[in-house]
Structure formats: C-alpha cells, structure tokens
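Let me begin by presenting the structure, written as structure tokens, before commenting on it.
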Amino acid sequence: MLILLVATSSLHALRVQNAPGSTTSVLRNKLSAIMRIRGDALSATRQAEAYYELAPWEKFPEINEKLGKRLDLRGAASLIRGDDRSACILAAVIAAQDGAKLRPRRGKSPIAKLDNAPGGPWRVVGNIAAPDEASLSIAIATQRELIETWAAEVIRDFATDDKVLRRGLGAPPIKLAWILPKSSLDFTWPSGAINEVPPSIPADESVRCGFLGTQCREVKGAKGGFRFVQVELK
C-alpha cells in the first residue's frame, strides 16, 4: 500500500511539473522560443555554425585568414583532418517571388538558366546542410524564416540596391527551393532539379541542419562596374 501511495504521489508530481503553466513547462517553452530559428542576426550566426559543424570542410582554415582567401586551402585542411563527407549533404538554396522585378541575366550558365526555370526567375541565396537528401526539404522548412529574411537582403536591384522581394500583408509568398550542384565541390553552378519546398511542409527541429547565406551582393558602382556589399541581418 505504501509503495502504491509513493508511486501515485510521484506520478502526480510528474504531471504537475509538466502541466501547462507549471515551472517546468514555462521554462521549456521559453527555451524553445529562444532556440527557435528566427530571421535575425543571432539565428544567422547560430545556423552558420551548425552548417560548419555538419560540413567542416566548407570552413576556411585559420591560415586562410592570414594569407587571404584567394588561395583556397579548405581541401587540404579537410584531407589532413580526414573529414567524412558522407556524413551530410549540401545543396544550394534558391528563392523567387511571383511579380518580382528581376533583371534577366545573360549567358547560358546554370545560374543564368535559373531565370527561365519553372516558378522563377530564381536567385541563389545560400547553402543548406542536412544529414541526407531526404532531409533537405525539412531543413528549409525548419529554417524558412531565416532564409526568407536573408533572401530579401541578398536579392536586390543591381542599379539601385533597392529590395526586390516584398514581405508583409498582401505580398506574395517567397518561394524557396533546393538544388544540387553539378559538383559537390562547387556550389556556384547548381544544375540539378529544382525542388520547391511549399510552406505547408512543417518544421522539425529534431533534424540537424544549417544554413550559410550568400555573404555579399553585387551593386552597381558609382563610377561604373560594381562593388560588393556585405549582407547583414539585424
């Protein structure tokens, strides 16, 4: 009888701890809110770190910071560390919006071809990392708020640097998709199928994923040519 009373009491205490409004429940909800991937600088930094944790070979080694990034030593550093590149998969993230006024690009490169691809014109806004190809759509869904915010900063008018993607009440949704590159070593030439991720796909924070946004955008220079502007979130 005593054992039964103790067990019943413990079960009641456990229910109280996890009941809505209890201290444990409140703390859990606050922690979930803090860790939620938002469209801000903190989340961008956190997800970039998660990207490099999944794909350490993508990060420039410290020696590159001294020698400059024109000499890319990532491959050599990866061989020295013995990175397991089969541990995750990387894909380019592209964004589009119906009615967006984007100037078509010239040429026949895979990047230029995205202008005429179904659902486009599309623009590359960064890379995602996930455990496997089946998780790539979930990775975008889980990081959607961050990726949409980043896309709005990257995709701008070349001549004026004005934002092109609209957000807020009455704006069409920003479409996101992932696309595999022609080579696993070069994400500047995405050439696989476009896999659009509709907003109806739910987030799953249990799936490890990371996002590394395009770091700079091109803007027309004051005296011709162009200049690079660092992409930053507030």
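Values quoted throughout were computed directly from the atomic coordinates according to the rules given, and no laboratory measurement underlies them. Only a predicted model underlies this, so the values are computations on that prediction, with no experimental measurement involved. Cβ coordinates were reconstructed from backbone atoms using ideal geometry, including for glycine residues, and neighbour counts include every protein chain displayed.
Subtracting the Cα-Cα distance of Ser200 and Ala159 from 0.36 nm times their residue separation leaves 11.3 nm of extension gain.
Taking amide H as placed 1.01 Å from N in the peptide plane, the amide H of Ala91 sits under 5 Å from that of Ile128, each at least 5 places away or on another chain. As a proxy for reagent exposure, ranking Thr214, Thr160, Thr149 by other Cβ atoms within 10 Å from fewest up yields Thr160, Thr214, Thr149.
Sparsely packed loop sites in segment 106-194 (the trypsin sites (Lys or Arg not before Pro) outside DSSP H, G, I, E and B with at most 11 other Cβ atoms within 10 Å) comprise Arg106, Lys108. Of the residues Ile174, Ile140, the one with the fewest other Cβ atoms within 10 Å heads the list, and the complete ranking is Ile174, Ile140.
Between Lys223 and Glu53, the simple label model (points 7 Å from Cα in the Cβ direction) yields a spacing of 4.7 nm. Look at Leu146, Leu102, Leu176 and count the other Cβ atoms within 10 Å of each Cβ; fewest to most, that gives Leu102, Leu146, Leu176. Charge dipole of segment 98-141 (Cα centre as origin; +1 on each Lys and Arg Cβ, -1 on each Asp and Glu Cβ, all else neutral): 500 debye, rounded to the nearest 20. Computed from backbone phi, the HN-Hα couplings of segment 150-166 come to 5, 4, 5, 7, 6, 7, 9, 5, 5, 6, 10, 6, 6, 5, 9, 7, 9 Hz, rounded to whole numbers (Karplus: 6.51 cos²θ - 1.76 cosθ + 1.60, θ = phi - 60°; Gly and Pro given as x).
Modelled this way, with points 7 Å down the Cα-to-C-beta line, the labels at Ala87 and Arg166 are 4.5 nm from one another.
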